[in-house]
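The values are calculated or read from the model by the stated rules, or taken from the named source; none is laboratory data. Being a predicted model, the structure only gives us computed values, none of them experimental. Using ideal geometry, Cβ is built from the backbone for each residue, glycine included, and neighbour counts are taken over all protein chains shown. These area figures cover heavy atoms from the full protein model, side chains too; ligands, DNA and RNA do not enter into them. Shrake-Rupley method; radii C 1.70, N 1.55, O 1.52, S 1.80 Å.
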Amino acid sequence: SPRDKELSTAAVHGAVTYLFEKSGRPTYPDPPVAGDPVRGELLTAKVGCRGCHVVGTGDRVADSRGLRSFGPELNGIGSKVGAGWLYAWVKEPEVYFPETTMPDLRLTDQEAADITAYLLTLRNQDFEAQAVPPLDRNARDELILEYLQSRLSEAAARDRLAAMSELEGDLYLGQKIILRQG
């Protein structure tokens, strides 16, 4: 229903606000050399990216669930990540996430830059065209009140909500949503 969408949007907004506020924000410099997307496309085949990922035009080989078993589909990744992060991941994935199953491909700086340049060409225009749904503050406040009233009287919960800044409300809701949903 429209109201369920408003409540879901408020919950997602709270979770995203909480995660961004509480997470470290490492910076990733651009690749140290310019990449060539044509060489990068050839390298993705040569180093075995398609063994774990669906990547590139026409690559739709999938398991019984509709996905490759190990890595996420990379088509559209250029709409979601920046060059610095992607280069760092391709070059040394275990530095970003020590428990990753992605192997260190022992790529040179140039090879990693080429693969990065290619992957950044894989864009999803439909995804990029989607607008972020507007946040309904009343829906957000309704969710916050539900959480507050689980341990406070209605009057105390309303007072507590009234004392919260917008950011405090978003953070409170985000933390509660993440604790409940995981």
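Quick notes on this one:
- By the compact-protein rule of thumb, 2.2 N^0.38 Å, the alpha-carbon radius of gyration of the stretch 86-154 corresponds to a ratio of 1.98.
- Other residues with beta-carbon under 10 Å from the beta-carbon of Lys91 carry, at +1 per Lys or Arg and -1 per Asp or Glu, a net charge of -3.
- Per-residue [θ]222 nm for the chain (sum of -39500 (n - 2.57) over DSSP H runs n ≥ 4, rounded to 500): -17000 deg cm²/dmol
- Ligands, DNA and RNA left out, the accessible area of the chain computed with a 1.4 Å probe is 56% carbon and sulfur.
- Ranked by the mean number of other Cβ atoms within 10 Å of their residues, highest first, the peptides 108-118, 154-164 fall in the order 108-118, 154-164.
- Taking the Cα centre of the chain as reference, the dipole from Cβ charges on Lys and Arg (+1) and Asp and Glu (-1) amounts to some 320 debye.
- Counted over the chain with a bin width of 10 Å, the fraction of Cα pairs per bin, in whole percents, is 9, 26, 25, 21, 14, 5, 0.
- Of the residues Gly58, Tyr87, Pro31, the one whose Cα sits farthest toward the positive end of the charge dipole of the stretch 1-155, with +1 on the Cβ of Lys and Arg and -1 on the Cβ of Asp and Glu, is Gly58.
- Rolling a 1.4 Å probe across the protein heavy atoms gives the chain an accessible surface of 63 Å² per residue.
- Pairs from the list Lys22/Lys91; Lys5/Lys176; Lys22/Lys176 with a Cα-Cα gap above 21 Å: Lys22/Lys91.
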